[in-house]
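Asks: Sharing a structure with you now.
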Amino acid sequence: MSVLAELTVPASEFVLADTLTNVPGMRIEIKRVVAGTERITPYFWATGGEFDAFERGLREDPTIQDILTLEEQDGDERFYRVTWQSGRANLLTAASDAKATILEAVSDEESWQLKVLFPSRDALSEFHDFCVSNDFSFRLERVYHAENPQERAEYDVTDEQQEALTAAYDAGYFEVPRRTTLTELADGLDISRNALSARLRRGHRNLLANTLVHDE
């Protein structure tokens, strides 16, 4: 059964550490993280600081490959997508290896508060052991079972459907225009084109059935 863990992580050991150090007062709330073996892409809101200095810090950070401002609200809050080059193991890659999902991540000047979904207690234990062996600092505040589909973040999507949907998203299959084809995606996953098409359709259906569509 999946479990939720609430963690406190030093700011120096999480994403955007150098930038946040140089822009005191900036608060970050990560809404989604796409983590791969070499690149990590957080989507986040930033508020409460000097945006010119913040964006300059992002551009000067050698670990950041790409910055995109997706939305701005009232001049004091901006939504970003940043592609971060992960040259070595870190807390985010450790979570990705454990098949964990970061549901919430909020910063202050000294630390990050994370809410992470692990597929099992064994996965949480593996994450803990990996962090200890690599000298990653964090404090485990709370562990508990998820009580609803939103917290479980499963939405009745199978592992194979999640793999297909995530691969399609990361490769730009859902963009307009598309950056890859169904055949190329299928080749990368080592499955047939028809099998991939079926996984994407069923995965979409399960996501819709558990998010936007609510049967009476």
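The values are calculated or read from the model by the stated rules, or taken from the named source; none is laboratory data. Please read all numbers here as calculations on a predicted model, not as lab measurements. Cβ placement follows ideal geometry from the backbone for every residue including glycine, while neighbour counts extend to all protein chains displayed. Each accessible area value is taken on the protein alone, full model and side chains, heavy atoms only, with ligands, DNA and RNA left out. Shrake-Rupley method; radii C 1.70, N 1.55, O 1.52, S 1.80 Å.
Asks: With each run of n ≥ 4 DSSP H residues scored as -39500 (n - 2.57), what mean residue ellipticity at 222 nm is computed for the chain after dividing by its residue count and rounding to the nearest 500 deg cm²/dmol?
Replies: The helix-only estimate for the chain comes to -10500 deg cm²/dmol at 222 nm.
Asks: Follow-up question, since we're still on this one. By average Cβ neighbour count within 10 Å, what is the ranking of 71-80, 96-105, 178-187 from highest down?
Replies: In decreasing order of mean packing, 71-80, 96-105, 178-187 become 96-105, 178-187, 71-80.
Asks: How big is the chain by Rg and Dmax over its Cα atoms, in Å?
Replies: Looking at the chain, its Cα Rg and Dmax stand at 18.2, 52 Å.
Asks: Local charge sum around residue 113 (other residues, Cβ-Cβ under 9 Å, Lys/Arg +1, Asp/Glu -1)?
Replies: Taking every other residue near residue 113 into account, the sum is -3.
Asks: Once you have all Cα-Cα distances for the range 1-112, histogram them in 5 Å bins from zero and send the whole-percent values.
Replies: Spelled out per bin, shortest first, that is 2, 11, 23, 27, 20, 10, 4, 1, 0.
Asks: While we're on this one: Using a 1.4 Å probe, what is the accessible area per residue for the chain, in Å²?
Replies: I get 59 Å² per residue for the chain.
Asks: Right, something else. When you count, for each residue, the other Cβ atoms within 10 Å and take the mean per peptide, how do 131-141, 15-25 rank with the highest first?
Replies: 15-25, 131-141
Asks: At 1.4 Å probe size, with the rest of the protein present, what percent of the exposed accessible area of the chain is carbon and sulfur atoms?
Replies: Answer for the chain is 44 percent, counting heavy atoms of protein chains only.
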